[in-house]
Every structure is written in structure tokens, then in C-alpha cells.
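K.L.:
After the C-alpha cells below, expect a handful of questions from me.
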Amino acid sequence: MGKTKKSTYVMCAFVLVVVVLMIVAAVSGRDFANTAWALLPPVVAIGLALATKEVYSSLFIGILIGGLLYSGFSFEGTLVHVFQDGYVASVADAYNVGILIFLVILGAIVALMNKAGGSEAFGRWASEHIKTKTGAMLATTALGVLIFIDDYFNCLTVGSVMRPVAEKHGISKEKLSYLIDATAAPICIIAPVSSWAAAVSGFVKDSGVSGFSLFVKVIPFNFYAILTIVMMISLALMKFDYGPMRKFEPYTKESAKQKIDSMIKRSGSFAEKIEVMEDETLKEKGRKGGKVIDLVFPIVVLIIACVIGMLYSGGFFQGASIIEAFSDSDASVGLMLGSACTFIITIIYYLARRTLKFQDIMSCLPEGFKAMVPAILILVFAWTLKAMTDSLGAREFVSGLVEGSAAGLQVMLPAIIFLIGCFLSFSTGTSWGTFGILIPITISVFPITTSIGVVCVSACMAGAVCGDHCSPISDTTIMASAGADCDHINHVNTQLPYAITVAAVSFVAYIIAGIIPNWLIVLPIAIAMMIGTLFVIRNKVAKNA
């Protein structure tokens, strides 16, 4: 109760201060459009979410502030902008609808695999072949790297497959969430055949160069993505954690049992005892007698179907080449069609094998939808918050800021662009929106044919991914939490120190790259700095233990 009251007081005080500042600015005749005020809604939402641990209310307050700023404190204008221009427009957007359908179908597929016993069978198989916690962490990382086609698909698929393995080897949900999140956007941004490559290619289509060839050129300079992989492997091999993650690691099945026993002792009645035990064992229902193929087959079909769906949306079957098709693909359409086909094929497969009855299969639809409701809710709130930020002209403000300072800071420009990309993506929760803002500006300042131009475009991409990775309102961060069945704020708090560590080393690497724009020299230096930093942190943690 004390924590709840404290959170309420913090939220009320924070909102009161913000509203007073807004009223003062409005009375003075201040125009909020295309100014730093445009970044206030996401800053408020993120600050409140981290301070109070309440995601939905924090996002709504940020959205409300955006509506007030846009309408000039008009009640009617605020109401219309928040709900009609915000929520309704976000949910009605064709791209967003496709992603929501993909999430629901994917949730249903995961429910099917669980009910068929595939997840439990894979857990048994993994327990025989993956012997250690380090092996489980490396296997999770490897699977995340292999599923590079799209970050949404990556988060939920890796989570559903590796959750039983992580539990078996004592990997906490918070650690699993970090591994999932770190192999989502950071992997997709260095995978030439992915929805992210398609997005970046679209942002440079008017620059006179091939978007695909540019994407390949900037991969070795994407220090944040590469160093994130180094970070995950190093943490697994060096066997240590730091920051808030240490509160959740090491996690074991014995500690989980102790937690349940403690809950039972506090419950005080047999009925409550049964309720507690049912909550903890609910996920085990319907999993007996399955085979590994019951999990592997749907996932393989899903990967193939999503790739075909991406190619279809890009015009491959109308004569476009594979590269052109991926460059022009629509991730929303491709993933939606791929997941729908997979769901149908999986139903036929389970019926043919007599693994599940038709009634059991149909019951997985509402189960899958129910499992995805928290992620869908936060996504809708995040999309609406982005709409508020866009309507206030955040892009124009940041564009002017970058263009005004770029001319005299050529050597430091990659590092500066990296920081701006981090801040903008963190505030808005979108990598792709950040690409759209910064990449055209960078290309206009430095020709993409120069070495420094390539480094700067890479810094845009790395910064956008870094901010996306850290942001509580990022869709990939939300889905990583959902994939690992982890509390969202716990995931954000525990992974933030890891992401900031990689960002700090990346920032130094971009300073060096501004002086020596040669990845053969800078990348080995960056990797050495990353590993050296982790050794220093490990020694410090060991001394303080």
C-alpha cells in the first residue's frame, strides 16, 4: 500500500508541475509547434512509467499532455485530437492493423504449440542437449540471430521457444527478456534480408544510390548492434550480472518454489493455497505427450511463410528481383499473411496427426488473443503517443537542430548523430521514425559516396536502434516482455544498464570513426573496448559482492 501511495504522489506532483509550466507558456503566447515542447509528451510518459511502474496511466497522461499542447488547452480540441486523431487513427491505420492481426494469430499459434505439447517436449529435448545455464543463454542468442526476418516475429517466437529452456536452467524472465530484446532490433538492423533493411532502403530511395547496397555498406559501422551481440556472448561466458539484473539472477526453480511456499504461508486458507498453486501450474495444462516436431514444424512453416509473405508484398511474384522485393516489402502485410497461412497449415497438421481435437484448436484463438492483450494495449498507447508527438512537429524541431549544428562539427558528427538518434528514438519509441528524420538530413549534409557519409548513416541507424532498445514505449521492448512473460517495467529497468554500457562504448567508437572512417581499424578497437569494459565491471562487481 505504501508503494502505491508513493507512486500516486509522484505521479500527481509530476503532472502538476508539467501542467503549471504548460499554462505559463500558453499565457505568455508561446507556440508549442516545432519546438522542444513537442518532446514533452513522451518525456513525461517515460519519466512517469519509470518512476511509478504504471505503464498504461503514464502513457495516457503523456498522450493527454500532447492533446492539450496541440489544441491550445481547448477541451473539445483535446478530446477530438486524443481520441479521434490519436487512438482511432492509430488503430485504423492499415499497417498497425496488420501488426495487431499478426500478434493475435501468433498468440494463437503459440497457444496451439503449448496445448499440443510441443513446448514441453522441446523443453525435455533441450534439457538433454543443453546442459548448462551458459549453454541456454548462448542457444537463446543463436536462435535470436537466426530469426532475423523481423523484430516482432523474433521477440515472440524466441520467447515461446526458449521460455521452458530458460526455466529449466534457472534463467530469470528478466534475463530472458533482455536476450530476446537484444536479438530483435539489433540483429534485424544488420541483416540485409529483413523488414528493417526494406525500411532503410525506402528512406534513401531519392539519394541516387541503391538502398540495398547502402545498407550493406553501413553494416560494419553499426557498432551498437555488433557490440550488443558481443555483450550477450560475453555475459554468458563470463557468468556475471550487474545493475538491477542482479536482483533477479541467479534465479532457480528452487527459489521459485520457495516463493510459492511463502505465498502459501501468507495466504492462510486452503482455498487460497489452491488458487496460488493453480496460478503457477496453469501453463502446464495440455502439454503432456507432445513431440518436438509439434513445436519445430509450426515455427519452420512460420519462417518460410513470413519470408514468402514479405516477398509477395514487395512484388516478387509480379517480376521483381529478390532484393527489389525485400526493399519494397510491407512488413505488416507480409507478416500478417505469413502468420495466417501458418495458422491454417498448423491446424491441418495437428488434425492429421490427431494431436488435438478441433474444439481444442478453436479454443486456442481466444487464448492467444488473451495472452497478447497487454502487448496490444501498450502498442496502441505507444502509437497514439507517437501521433501526438508527430502532430506537434517533433521531427521538424530535431531536423532544424541537426542541420544547424552539422556544418562545424564534421569529425564529431557521427557521435552527435548517434546521440540524437538515441534520444529521439527513446522519446518516441520508434526506430523507423528516427530513420525517416535523420537519414535524409545526413545524406543532404554529407554525400553518401564519401566514407564519412557512410559512417553517419550508420550512426543514424545505430542510435535509432539503441533508443528503441532502451525505450519503455518501444513496440519491440513491449513484445520482448510479452515473449518472455516478464513484467514490462522490470524488463526495462534490468536491461537499461546493459544497453547504456554498449551505447557508451559505441559513442567512443563513433568518435574514432569520425577521425578514421575505416571499419577494419575501428571495429576491432570497439570490440576490444567492449570486452575490456565488461572485465572492469566484473571485477568491480566481484569486489562489492
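The values are calculated or read from the model by the stated rules, or taken from the named source; none is laboratory data. Just so we're clear, the structure is a prediction, and the values are computed from it rather than from any experiment. Note: ideal-geometry Cβ built from the backbone for every residue, glycine included; neighbour counts use all protein chains shown. The accessibility values were calculated without ligands, DNA or RNA, using every heavy atom of the protein model including side chains. Shrake-Rupley method; radii C 1.70, N 1.55, O 1.52, S 1.80 Å.
K.L.:
Under a crude label model (7 Å from the Cα following the beta-carbon direction), how far is residue 238 from residue 353 in nanometres?
P.N.:
With each label point 7 Å from Cα toward Cβ, the separation is 4.2 nm.
K.L.:
Using only C-alpha atoms and all pairs of different ones, pull out the Kirkwood radius for segment 460-545 in Å with one decimal.
P.N.:
14.6 Å
K.L.:
Can you figure out the FRET efficiency of residue 95 with residue 515, using R₀ = 41 Å and their beta-carbon distance, to the nearest 0.05?
P.N.:
Details: r = 40 Å, r/R0 = 0.98.
Plugging the Cβ-Cβ distance into 1/(1 + (r/R0)^6) gives 0.55.
K.L.:
By the scheme Lys and Arg +1, Asp and Glu -1, what is the net charge of all other residues having a beta-carbon under 11 Å from that of residue 243?
P.N.:
-1
K.L.:
At 0.36 nm per residue, and after removing the present C-alpha to C-alpha distance, how many nm does the segment from residue 132 to residue 508 gain when stretched out fully? Write down the numbers at each step before the final one.
P.N.:
Details: separation 376, 0.36 × 376 = 135.36 nm, distance 3.47 nm.
Full-extension gain reported as 131.9 nm.
K.L.:
While we're looking at this one, here's another question. For segment 71-143, list log₁₀ I(q)/I(0) at each q in 0.27 Å⁻¹, using the Debye formula over Cα point scatterers of equal strength and ignoring solvent, two decimals each.
P.N.:
For segment 71-143, the Cα-only Debye profile gives -1.08.
K.L.:
Please compute the alpha carbon radius of gyration of segment 108-147, then divide it by the globular-protein estimate 2.2 N^0.38 Å. Two decimals is fine. Can you show the working numbers first?
P.N.:
Working: Rg = 11.7 Å, N = 40, 2.2 N^0.38 = 8.9 Å.
My calculation over the Cα atoms of segment 108-147 gives 1.31.
K.L.:
Hey, if we sort 120, 324 by accessible area with the 1.4 Å probe, largest down, what's the order?
P.N.:
Largest to smallest exposure gives the sequence 324, 120.
K.L.:
When ranked by the protection proxy of mean other Cβ atoms within 10 Å per residue, highest first, what sequence do the peptides 239-247, 299-307 form?
P.N.:
Highest mean packing first, the order is 299-307, 239-247.
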